[in-house]
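Step one of this worksheet: look at the structure below.
Every number in this text was worked out from the coordinates using simple rules, so none of it is lab data. As the structure is a computational prediction, the values presented were derived from the model and not from experiment. As a convention, Cβ positions derive from the backbone with ideal geometry for all residues, glycine included, and neighbour counts pool all protein chains shown.
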Amino acid sequence: MTQLMESPVLVWFKRDLRVTDHPALALAGPRILPVYIIEPDYWALPDTSARQWAFTSEALSSLRDTLGALGQPLVIRWGDAVRELARLCARHKITRILSHEETGNGWTYARDRRVAAWARENGIDWQEVPQSAVIRRLKSRDGWQSARNRFIREGVVPTIEALDPVVTSDLPDRLPDARALGLPADPCPHRQNGRHATARNLLDSFLATRGTHYRSAMSSPLSAERACSRLSPYLALGVLSVREVEHARQTARKAHASDKDWTQSLNSFAKRLAWRDHFIQKLEDEPELETRCLHPAHEGLRATDAARLQAWCAGETGLPFVDACMRYLAATGWLNFRMRAMLMSFASYQLWLDWRDSGAHLARQFTDYEPGIHWSQCQMQSGTTGINTLRIYNPVKQGHDQDPQGRFIRAWLPELRAVPQPFLHRPWDWPEAQQQLAGRYPEPIIDLEQAGRAARDRMWGLRKGDGFQKISARIAQKHASRAGDSARSSAMATRRARRGKSDPAQLSFDL
Ligand SMILES: Cc1cc2nc3c(=O)[nH]c(=O)nc-3n(C[C@H](O)[C@H](O)[C@H](O)COP(=O)(O)OP(=O)(O)OC[C@H]3O[C@@H](n4cnc5c(N)ncnc54)[C@H](O)[C@@H]3O)c2cc1C
């Protein structure tokens with residue numbers, strides 16, 4: 001009994017690399033063994049990348065410093081989670097593990113099931129504590145929004161003030177680099193830094209100054225870089241919790257209450273924070289959406305053409321605005337929502353690529369890769385959910401709208417700097433294109449108008465097929481958000497899907 005009392009609780013950190021608003025940490029008390037496991041099999045997956053690891057290792061070293069200052073530095077292990085947890089539990093006579101409840105990709109889901117089976121068989125009490133409003137084993141979407149509101153209203157969990165020292169051994173001086181993990185080189189010169197202090201500074205500057213024109217400036221890649229919060233990688237890795245960000249937002253909203261721009265911007269920001277949970281809930285409810293079309297009628301519809309995929313990934317499609325966005329993403333690890341949607345839509349409609357192939361490339365490029373948001377969005381922008389409006393972006397129109405002077409294109413496609421302004425968005429129309437651009441910038445790899453028309457015809461043809469709407473209605477019932485959050489609105493979502501209308505939540509996107 002005495003031994004049991006003295007055993008520390010193992011707090012297993014995963015995508016919750018912080019000490020603030022951390023329900024599992026608060027529950028564990030001061031005598032803990034904080035552990036992070038670097039899992040090589042995870043880092044070998046096709047949706048992971050060196051840039052994600054670099055960001056993660058910065059967040060980890062920051063967390064290690066913070067925990068060390070509290071009295072017990074982070075123990076970092078390398079290997080299979082079950083094996084490492086078993087070793088640590090045996091060595092420190094641990095019988096209790098706490099972690100957050102993770103909604104990750106299929107691999108982390110399977111790993112958690114293995115950990116749960118091992119814990120059960122070995123008398124280890126493993127408790128997973130929610131860190132967001134995502135609900136495990138949710139029976140129905142009815143009432144979900146109210147449950148989220150309650151979760152936010154509960155307030156942030158107090159931060160632990162000191163930890164009892166448990167061990168100081170097993171602490172590597174330096175975290176391995178991406179090469180040691182076998183990750184291919186992935187230069188990303190303008191990548192965000194993963195440290196907690198950077199995340200706090202971004203949150204503070206967004207709510208104090210940068211966010212004023214968020215609502216109107218979020219759509220153009222020229223202004224979004226500064227006007228958006230840029231918090232996504234920190235939220236994805238749990239360096240900040242969504243609840244602490246929402247509470248900071250509420251305080252800022254009061255401070256800026258007399259300013260209309262601020263009020264509108266901070267309302268838009270609140271919506272997006274809520275969408276985060278809304279989308280992750282979809283993956284929690286249907287893990288297969290990472291690998292299967294939500295609406296099965298789309299299965300086998302597209303077959304990826306390797307040359308097209310390669311051109312799209314490299315930013316060499318011959319469509320300047322698409323290529324500039326892709327090269328910007330490669331260099332920064334981030335892109336604003338509208339441009340992500342355009343890249344995905346272009347890949348799925350005009351290039352007719354399978355969303356799983358294009359989606360895996362984007363996942364690797366994003367430092368903020370969040371499976372629940374990512375795969376839901378990839379399917380939405382490809383029309384495979386069966387419940388969303390079909391939106392086929394025209395990248396030339398988007399270029400004119402979002403980069404009218406071509407500043408973004410010229411910055412990221414230096415080979416087009418000499419193209420006269422009137423031809424910048426369609427350089428193939430420039431009479432001197434052959435002479436000036438041959439060998440330097442490709443001609444478009446598809447006929448834009450024709451490819452768009454063909455995609456529209458195929459998608460609408462499919463939607464008119466037998467039984468299509470019936471399945472859509474079932475998908476809407478399971479996944480669509482409920483405006484007003486009542487059983488009545490659930491019935492409405494189903495009726496809308498039957499009539500071929502889309503998920504109401506998606507109609508409110510700023511597209
Ligand atoms: C094809 C595609 C893939 C995407 N993949 C990801 C991804 O892997 N990880 C990711 O975090 N976001 C993803 N998004 C959503 C969105 O583009 C990013 O969240 C946003 O651009 C991040 O920048 P920010 O932090 O400055 O966002 P802000 O506009 O400042 O928003 C604040 C936060 O709200 C959340 N959020 C914003 N927009 C959305 C949205 N449309 N849906 C759900 N949550 C949202 C994010 O957590 C974001 O950090 C994807 C969008 C598309 C179209």
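Couple of notes before you dig in:
- Rounded to whole Hz, the Karplus (6.51, -1.76, 1.60) HN-Hα couplings of segment 318-327, x for glycine and proline: x, 9, x, 5, 4, 5, 5, 5, 5, 6
- Distance from segment 1-66 to segment 202-248 (C-alpha centre basis), Å: 25
- Positive dipole terminus of segment 289-465, leading residue within Trp352, Gln434, Trp412 (C-beta point charges): Trp352
- Given charges at beta-carbon only (K, R positive; D, E negative), |dipole| of the chain in Debye: 1520
- Percent of Cα pairs in the chain per distance bin of 20 Å, from zero to the largest separation: 21, 54, 23, 2, 0.
- Rounded tilt (10° steps) of 144-153 against the dominant C-alpha axis of the chain: 60
- Ranking of Asp142, Asp16, Asp204, Asp429 by count of other Cβ atoms within 10 Å, fewest first: Asp429, Asp204, Asp142, Asp16
- Angle between the chain longest axis and helix 371-380 axis [Cα atoms, degrees, rounded to 10]: 20
- Restricting the calculation to alpha carbons of segment 289-465 gives Rg and Dmax of 16.1, 49 angstrom.
- Cα-based helix-to-principal-axis angle, 355-365 vs the chain, degrees rounded to 10: 60
- Sites listed here are GluC sites (Glu not before Pro) in segment 114-222 whose DSSP assignment is loop and whose Cβ has at most 16 other Cβ atoms within 10 Å: Glu154, Glu161.
- Computed from label points 7 Å out along Cα-Cβ, the spacing between Gln434 and Trp78 is 5.8 nm.
- Along segment 402-412 the Karplus relation, 6.51 cos²θ - 1.76 cosθ + 1.60 evaluated at θ = phi - 60°, assigns HN-Hα couplings of 9, 9, x, 8, x, 5, 5, 4, 5, 5, 9 Hz to successive residues, with x for each Gly and Pro.
- Residue among His92, Ser62, Trp118 farthest towards the positive dipole end of segment 2-131, charges placed on Cβ: His92
- The phi-based Karplus calculation (6.51 cos²θ - 1.76 cosθ + 1.60; θ = phi - 60°) puts the 3J(HN,Hα) values of segment 104-111 at x, 8, x, 5, 5, 5, 5, 4 Hz, whole numbers, x for Gly and Pro.
- At most 11 other Cβ within 10 Å, DSSP loop - trypsin sites (Lys or Arg not before Pro), segment 416-468: Arg417, Arg440, Lys464
- Shown here: segment 87-143, whose C-alpha atoms stretch 45, 20, 17 Å along the first, second and third principal axes, sorted largest to smallest.
- Placing +1 on each Lys and Arg Cβ and -1 on each Asp and Glu Cβ, with no other charges, gives segment 171-273 a dipole about its Cα centre of roughly 260 debye.
- Shape call, segment 196-285: gyration tensor on alpha carbons, a/c limit 1.5: rounded
- Amide hydrogen neighbours beyond the local backbone of Gly71, cut-off 5 Å, H modeled: Leu163
- Over segment 2-131, equivalent-ellipsoid semi-axes from the Cα gyration tensor in Å: 22, 19, 13
- Inter-probe distance in nm under a simple model that places probes 7 Å from Cα toward Cβ, at Ala69 and Lys254: 2.7
- Using only alpha-carbon positions in segment 125-270, the gyration tensor eigenvalues give semi-axes of 30, 25, 17 Å once each is multiplied by 5 and square-rooted (largest first).
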